[in-house]
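Okay, so here's the structure we're looking at.
Each value in this text was obtained by applying a stated rule to the coordinates, not by laboratory testing. Values in this document were obtained by computation on a predicted structure and should not be read as measured data. Please note: Cβ atoms are built from the backbone with ideal geometry, for glycine as well, and neighbour counts cover all protein chains shown.
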Amino acid sequence: MALILPPRLTASARALREAARRRGMRTVQLPDHDVPDALRAGDAYLHAGPSFADAVAPALGVAPLEAPADWLARLPAVFVRREIRAVPIREAYGLRRPVFVKSPNDKSIRALVYADGSRLPGPDAVDPETVVLMSDVVVFDEEHRLYLLDGQVHTGSRYGVSGQLRPAPLSAEAVAFGNELLSAAGHTLPSAIVVDVGVTDAGQWAVVEANAAWASGCYASDPDRALEVVLRAAGPAPHLAERDAAFVR
């Protein structure tokens, strides 16, 4: 078993690397997108950003899991507290009001509040059919990251307060909200995923977004338990559970 890592490591990647070594796993930091023959279609697992994962996962034989592109838009209103739509970016160009726009599962469209649709990357920079998540602007006073595994909150961390990075232990309230979400919509997610949740400035819990566990920072989460989610979320394709087949990136 080998955990494959990208050329540059974040603090989270280093923490997961140490967790993998504690499990007796080999860790390999690739210098570029070239996958050595010895690692091809082997017993490999992956922790990396989306673009690097797209380049190396097929050669590694890894099946990276992620939430459906429209998952956030399909959640019941009680879990999001705002209107969210998954639309081709061309539909957002005509907006004449502030709107929050992001890519569903990567950073190709920068996650920002855009003053109006004319501020979005134009058709010369992005395919007009590219799907984006478009939502009302909501302010989150506090944000938490939940590592979910087999329908349970496996570990997690607070990561933000009033827009500032402030890692701290996961709150009981965040876990309780995560459990409510899983009870109602756990079947719409892969067995291993990260979901960010938070408290709005109106004092309501809401889902911020879903993220691939293999590309997420763990902040103050237990790195050993976070690694267990990562290993499920980006492991050998032959080990893929039938229920997760629909969630492969």
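Quickly estimate the mean residue ellipticity at 222 nm for the chain, helices only: each DSSP H run with n ≥ 4 gives -39500 (n - 2.57), and the total goes over all residues, rounded to 500.
The helix-only estimate for the chain comes to -6500 deg cm²/dmol at 222 nm.
Relative to the present Cα-Cα distance, how much length would full extension add between His33 and Val78 at 0.36 nm per residue of separation?
Extra length from His33 to Val78 when fully extended: 12.0 nm.
Tell me which residues come under 5 Å, amide H to amide H, from Val208 once H is placed; ignore anything under 5 positions away on its chain.
Answer set, sorted by chain and number: Asp196, Val197, Gly198.
Classify the stretch 83-135 from the C-alpha gyration tensor, please: rounded if a/c falls under 1.5, else prolate or oblate depending on whether a/b exceeds b/c.
Rounded shape, in that the Cα axes give a/c under 1.5.
Compute the acute angle (0 to 90°) between the alpha-carbon long axis of helix 223-233 and the principal axis of greatest extent of the alpha-carbon atoms of the chain; round to the nearest 10°.
90
Please report how far the C-alpha centroid of the stretch 153-167 lies from that of the stretch 11-37, rounded to the nearest whole angstrom.
24
Can you work out ³J(HN,Hα) from phi for every residue in the stretch 69-83, in order, using Karplus 6.51 cos²θ - 1.76 cosθ + 1.60 and θ = phi - 60°, giving whole Hz and x for Gly and Pro?
Result, rounded to whole Hz: 4, 9, 4, 4, 5, 8, 5, x, 4, 5, 9, 10, 6, 6, 7.
If you count the DSSP beta bridges with both ends in the chain, what percent of them are antiparallel, to the nearest 5?
Just about 85 percent of them are antiparallel.
By counting other Cβ atoms within 10 Å of each Cβ, how are Thr27, Thr10 ranked from fewest to most?
In order of increasing Cβ crowding within 10 Å: Thr10, Thr27.
Work out the charge dipole of the chain with +1 on the Cβ of Lys and Arg and -1 on the Cβ of Asp and Glu about the Cα centre, then indicate which of Ser12, Ala38, Phe79 is farthest towards its positive end.
Of Ser12, Ala38, Phe79, it is Ser12.
Report the net charge of residues surrounding Pro88, where surrounding means a beta-carbon distance below 9 angstrom and charges are Lys +1, Arg +1, Asp -1, Glu -1.
Neighbour charge sum, excluding Pro88 itself: -2.
For the stretch 120-204, rounded, prolate or oblate, judged on the Cα gyration tensor with a ≥ b ≥ c (square roots of eigenvalues), a/c < 1.5 rounded, else prolate if a/b > b/c?
Here the stretch 120-204 falls in the oblate category.
Would you mind ranking Trp71, Trp214 by Cβ crowding within 10 Å, fewest neighbours first?
The fewest-first ordering by Cβ neighbours comes to Trp71, Trp214.
Determine, at each q value in 0.07, 0.08, 0.09, 0.17 (inverse angstroms), the log₁₀ of I(q)/I(0) that the Debye formula gives when each Cα of the chain is one equal point scatterer.
-0.24, -0.31, -0.39, -1.33
What's the exposure ranking of His144, His154, going from fewest to most Cβ atoms within 10 Å?
His154, His144
Check Gly160: other-chain or 5+ apart residues with amide H under 5 Å from its amide H, H built from backbone geometry?
Long-range HN contacts for Gly160: Glu143, Arg166.
Just order 52-65, 161-174 by mean Cβ neighbour count inside 10 Å, highest at the front, would you?
The peptides rank, most packed first, as 52-65, 161-174.
For the stretch 157-249, what does the relative contact order come out to in percent, with C-alpha contacts under 8 Å and a separation of six or more?
28
Which listed residue (Met1, Leu240, Pro64) has the Cα farthest towards the positive end of the charge dipole for the chain, taking +1 on Lys and Arg C-beta and -1 on Asp and Glu C-beta about the Cα centre?
Checking the options against the dipole of the chain, the answer is Met1.
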